[in-house]
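Here the structure comes first, spelled out in structure tokens, and everything after it is commentary.
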Amino acid sequence: MSLTGKHILSSDQFDRDELERLFELADVLVPVARGEQVTRVLEGAVLASLFFEASTRTRLSCESAFLRLGGAVTSTTGTGVTSISKGESLADTARVVGGYCDLVVMRHPEVNSIHEFAAATNVPVVNAGNGAGEHPTQALLDTFTLHREFGRLGKTMDGRRIALVGDLLHGRTVHSLMKLLTRYEKMTIVCVAPEELGMPAELLELAEGRGHQVEVSDQPGQALREADVVYATRLQTERFADKPVPYSDDFRIDRSLVERVCREDAVIMHPLPRDSRPGANDLSADLNQDPRLAIFRQTDAGIPARMALFASVLGVADEIRGSLREARWYRPSFTGPDDAPFYRNSTR
Ligand code: ASP
């Protein structure tokens, strides 16, 4: 099924064949994302980037992905500066903005917002996070990261043990990731959360219904053993209203826990931002020198993964390979000071 012209609202829209096609294209786009090659397949196209909720990575990487494909970007952030603050409906906003651009990327704090918005325009809309609902492009880049990390480690995608840790109730990235993981074979998905913040039942049922083993635990010290992937998440305090936050320091993923229980070849991920404030019990910065920590390889993967998606939705994916040329400006060989070992053996 072609993605051309489609709204991308849920990660469940991607089946395994589609994921493999997107990752093959994203692999080709890595040098473009890194500023080593240039393509202009979206020359003349305009992205409208609408972020009605806080964002750093998703907004900047969607915009960078579109720009690196040769397109242009127009954007707005927050509701205070748009006519939504004057009472305009999302449907009216969608119809208007659709007349200004070729693709919309939208983030909004309410779950139903993206459906309401997409129903009011024929211009493709990509969901960049709808409240505690979904975050399909994050799941795409997370799974693309796994494809690259497992490739480097000589592992297949199938048959892996993946531990999702933290606020699995409100974390939209893990909702979308669950759906993508079910597209592979014989996965064991371990959902590790305080009881009050567990993965929604319908997602546990979906994974079981698609033939995977699902385990539920509130003990990271036990549940992370033997995991190929530890995917930590931030407590989504902005979705709690005034309820007290039930998150003990058992959920702090730090060097002492990782050294005690994790595999030597584990891949440690997080959608970011990680909460670095004292007492936050999130993924700790004391892991920064541990090569298992893949969080910045993960953020880097966001550009080629989103480029592959945008090129596919706008129907120019087949033109990319023939359009590439070398960039002429200065770029360091590796973006991060610790990146060299992870890129040396890849094609790029
Ligand atoms: N950046 C991710 C999101 O927007 C994760 C997070 O905020 O915790 O969902």
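Within segment 289-300, being at pLDDT 95 or above, more than 17 Å from PHE150 (Cβ to Cβ) and away from the ligand (no atom under 14 Å from the Cβ) holds for ASP290, PHE296. Residue count for segment 183-200 under the criterion of being surrounded by fewer than 21 Cβ atoms within 10 Å (Cβ to Cβ) and touching a His at 6+ places or on another chain (Cβ under 8 Å): the result is 3.
Taking segment 41-54 as the range and being under 22 Å from GLU326 (Cα atoms) and either near the ligand (Cβ under 10 Å from one of its atoms) or surrounded by fewer than 18 Cβ atoms within 10 Å (Cβ to Cβ) (or both) as the test, the residues that pass are GLU43, GLY44. Of everything in segment 85-98 that is closer than 15 Å to SER49 by Cα and in contact (Cβ under 8 Å) with a residue 12 or more places away in the chain, the residue that is nearest to the ligand (Cβ to nearest atom) is LEU90. Residue-level check: of (1) over 25 Å from ARG59 (Cα atoms); (2) more than 16 Å from the ligand (Cβ to nearest atom); (3) crowded, with 19+ Cβ neighbours inside 10 Å; (4) hydrophobic (A, V, I, L, M, F, W, C), ILE253 misses just (2).
So is PHE144 among the aromatic types (Phe, Trp, Tyr) and either in contact (Cβ under 8 Å) with a residue 40 or more places away in the chain or within 25 Å of LEU293 (Cβ to Cβ) (or both) or not?
Values: among the aromatic types (Phe, Trp, Tyr): yes; either in contact (Cβ under 8 Å) with a residue 40 or more places away in the chain or within 25 Å of LEU293 (Cβ to Cβ) (or both): yes.
When the stated conditions are applied, PHE144 passes them.
Taken as a whole, segment 121-137 holds at least one residue that is within 11 Å of the ligand (Cβ to nearest atom), aliphatic (A, V, I, L, M) and either in contact with a helix residue (DSSP H, G or I) (Cβ under 7 Å, 6 or more places away or on another chain) or more than 20 Å from ARG292 (Cα to Cα) (or both).
Condition first: among the β-branched types (Val, Ile, Thr) and more than 20 Å from THR188 (Cα to Cα). Can you find one or more residues in segment 223-233 that meet it? Write out each step before concluding.
Narrowing segment 223-233 to residues among the β-branched types (Val, Ile, Thr): 229-230, 233.
Subset that is more than 20 Å from THR188 (Cα to Cα): none.
The answer is no, given that none of the residues of segment 223-233 is among the β-branched types (Val, Ile, Thr) and more than 20 Å from THR188 (Cα to Cα).
Just one of the numbered conditions (1) within 16 Å of the ligand (Cβ to nearest atom); (2) more than 24 Å from ALA132 (Cβ to Cβ) is not true of TYR231: (2).
Taking into account only those residues within segment 55-81 that are free of Cβ contacts under 8 Å to residues at least 12 places away in the same chain and either among the aliphatic types (A, V, I, L, M) or surrounded by 14 or more Cβ atoms within 10 Å (Cβ to Cβ) (or both), which is farthest from GLU43 (Cα to Cα)?
To start, the set of residues in segment 55-81 that are free of Cβ contacts under 8 Å to residues at least 12 places away in the same chain comprises 60, 67, 80-81.
Those still in the list that are either among the aliphatic types (A, V, I, L, M) or surrounded by 14 or more Cβ atoms within 10 Å (Cβ to Cβ) (or both) too: 60, 67, 81.
Details: LEU60: 19, LEU67: 9, VAL81: 28 Å.
The extreme case among them is VAL81.
Of everything in segment 144-182 that is buried (at least 24 other Cβ atoms within 10 Å of the Cβ) and of a type in the set (Ser, Thr, Tyr), the residue that is farthest from the ligand (Cβ to nearest atom) is SER176. Scanning segment 216-250 for residues being more than 18 Å from GLY279 (Cβ to Cβ) and surrounded by 14 or more Cβ atoms within 10 Å (Cβ to Cβ) gives a total of 12. Taken together, the criteria place ALA280 among residues that are aliphatic (A, V, I, L, M), touching a Leu at 6+ places or on another chain (Cβ under 9 Å) and in a loop (DSSP other than H, G, I, E, B). The number of residues in segment 263-281 being in contact (Cβ under 8 Å) with a residue 60 or more places away in the chain and either surrounded by fewer than 20 Cβ atoms within 10 Å (Cβ to Cβ) or within 16 Å of the ligand (Cβ to nearest atom) (or both) comes to 5.
The values are calculated or read from the model by the stated rules, or taken from the named source; none is laboratory data. The model shown is predicted, which means the values in this text are computed figures rather than measured ones. Neighbour counts are summed over all protein chains in view; Cβ atoms, including those assigned to glycine, are modelled from backbone coordinates with ideal geometry.
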